[in-house]
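J.: Have a look at this one.
Read the figures in this text as sums done on the coordinates, not as results from a lab. Please read these numbers as outputs of a predicted model, since none were measured by experiment. Here Cβ is always computed from backbone atoms with ideal geometry, including for glycine, and neighbour counts include all displayed protein chains.
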Amino acid sequence: MFKEYYRLSRPINALAGCTAVFLSGYVAGAASWWPVVLAAVTVLLITISTNAWNDYIDIEIDRINKPDRPLPAGLINAQGALTFSITGSILSLVTAAFINLPAFLIALGSNILLYIYSWRLKCTVLLGNAAVATIIALCFIFGGVAANNVRPTLMLAVTVFFAIMGREILKTMADYKGDLQQNCGTIATVWSNRISGIFVTIFLGITAASMILTYFSEEYSPVYLFIIIFFIFPIFIYVAFNAATNVDGQKLERNSLLMKYGFFVWFLAVALGAGLAV
């Protein structure tokens, strides 16, 4: 049973959020790491609780798109997933309260927005995508708040917002069949996968420009530029090409996963760029 709740929480997503908090705390020059640790735990709890809520809401869609997920596969019952979700959200507010008031308010707002996203905003054109992108971008602001120095994290948050917009639209393309059968009006089902692919390319292009701008505005070490040009940008080009050529849903899902792992490479680039800056 523990294994299934572990899968329900989507640990890679949670790990990415925690890494983002630690990275932003590092970039912000945290004087004390205890608040940053609490911020990472808060993000972990928010992520796993809202992932469970999302699966609870999307159980019928997942029977088509992702039948091996714990809920549609019958490995966890709906009530168990709901209880798991609510418990995680409450605990996230408790840990955030020990950081400071702004952190608590961000955690509260993030929980509310993510619950509304799965309940109402997911099946909208771009609004749901923007909600998710905003929450993930806030992870970087959150780390800066915990470190009492938000400014160095702002460009990172902007970059992540546009990158997640591209990835979220890509995911709507991958989920096209299930969303269409369940009358879920995403950008892919309403405007078509072809138009969605154009938006993916645009947002990835903006992300690339933002990454370059970050290099100059934050005066990072050239190693940052090397990593994004030779490792991140090829991923963007590959994903954009597949999105534009309207490949099958399974390949788009793999592209989405590729982007997720690409974020960890970008995290490394930021850490090295900031750490080795003259």
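J.: Positive end of the dipole of the chain, charges at C-beta (+1 Lys, Arg; -1 Asp, Glu), about the Cα centre: which of I169, C18, A137 has its Cα farthest in that direction?
T.: I169
J.: While we're here: Give me the distance in nm between label points sitting 7 Å out from Cα along the Cα-to-Cβ direction at Y6 and W34, one decimal.
T.: The two pseudo-label positions are separated by 3.1 nm.
J.: I've got another one for you. Calculate one ³J(HN,Hα) per residue across segment 212-228 by plugging θ = phi - 60° into the Karplus curve 6.51 cos²θ - 1.76 cosθ + 1.60, and present them in order as whole Hz with x for glycine and proline.
T.: 5, 4, 4, 4, 7, 6, 9, 6, 6, 5, x, 4, 4, 4, 4, 5, 5
J.: Taking the number of other C-beta atoms within 10 Å as the exposure measure, put I195, I135 in order starting with the fewest. List each step's numbers first, then the result.
T.: Working: I195 13, I135 24.
Going from sparsest to densest Cβ surroundings: I195, I135.
J.: Under a point spin-label approximation (7 Å from Cα along Cα-to-Cβ), what is the N246-V125 distance to one decimal in nm?
T.: 1.7
J.: Follow-up question, since we're still on this one. Using only the alpha-carbon atoms of the chain, report the extent along each of the three principal axes, biggest first, to the nearest angstrom.
T.: Computed over the chain, the largest-to-smallest principal extents equal 54, 44, 29 Å.
J.: Long-range amide H contacts for A277: which residues qualify at under 5 Å (H placed 1.01 Å from N, peptide plane, sequence gap of 5 or more or a different chain)?
T.: Here the answer is S221, since their amide H atoms fall under 5 Å of that of A277.
J.: Among T245, G205, S256, whose Cα sits farthest toward the positive end of the charge dipole of segment 2-275 (+1 at Cβ of Lys/Arg, -1 at Cβ of Asp/Glu, about the Cα centre)?
T.: Positive-most Cα among the choices belongs to T245.
J.: Counting helices only, and only those DSSP H runs with n ≥ 4, report the 222 nm mean residue ellipticity of the chain as the sum of -39,500 (n - 2.57) divided by its residues, in deg cm²/dmol to the nearest 500. Provide the component values of the computation, followed by the final result.
T.: Details: 14 runs with 213 residues, N = 278.
Value at 222 nm, helices only, nearest 500: -25000 deg cm²/dmol.
J.: Work out from phi, with θ = phi - 60° and the Karplus expression 6.51 cos²θ - 1.76 cosθ + 1.60, the ³J(HN,Hα) of each residue of segment 186-203, listed in order in whole Hz, and give x for Gly and Pro.
T.: Ordered by residue, 3J(HN,Hα) equals 8, 4, 6, 7, 8, 9, 5, 5, 5, 5, 4, x, 5, 5, 4, 4, 4, 5 Hz.
J.: Would you kindly derive the ³J(HN,Hα) couplings of segment 36-42 from the backbone phi angles with the Karplus curve 6.51 cos²θ - 1.76 cosθ + 1.60 (θ = phi - 60°), listing them in order in whole Hz, with x for Gly and Pro?
T.: Using θ = phi - 60°, the values come out as 5, 4, 4, 5, 5, 5, 4 Hz.
J.: Rounding to the nearest 20 debye, state how big the charge dipole of the chain is about its Cα centre with +1 on each Lys and Arg Cβ and -1 on each Asp and Glu Cβ. Display every interim value, and only then the final one.
T.: Values: 16 positive and 13 negative charges, 38 e Å.
That gives the chain a dipole magnitude of about 180 debye.
J.: Any lysines with Cα under 21 Å of the K177 Cα? List them, leaving off those in the same chain fewer than 8 positions away.
T.: K66, K122, K251
J.: Could you give the length gained by full extension between Q181 and I64, i.e. 0.36 nm per residue of separation minus their alpha carbon distance, to one decimal place? Before the final figure, lay out each step's value.
T.: Details: separation 117, 0.36 × 117 = 42.12 nm, distance 0.87 nm.
41.2 nm is the gain from fully extending Q181 to I64.
J.: Place a point 7 Å from Cα of S221 in the direction of its Cβ. Which residues in segment 26-44 have their backbone N less than 15 Å from it?
T.: Only 27 pass the distance filter.
J.: Next question. Could you give the length gained on full extension between V94 and W191, defined as 0.36 nm per residue of separation minus the Cα-Cα distance, in nm? Could you put the intermediate results ahead of the total?
T.: Working: separation 97, 0.36 × 97 = 34.92 nm, distance 4.14 nm.
30.8 nm is the gain from fully extending V94 to W191.
J.: Residue separation times 0.36 nm, minus the C-alpha to C-alpha distance between R151 and L101: what's the value? Present the calculation step by step, with values, prior to reporting the outcome.
T.: Numbers: separation 50, 0.36 × 50 = 18.00 nm, distance 1.81 nm.
Full extension from R151 to L101 adds 16.2 nm.
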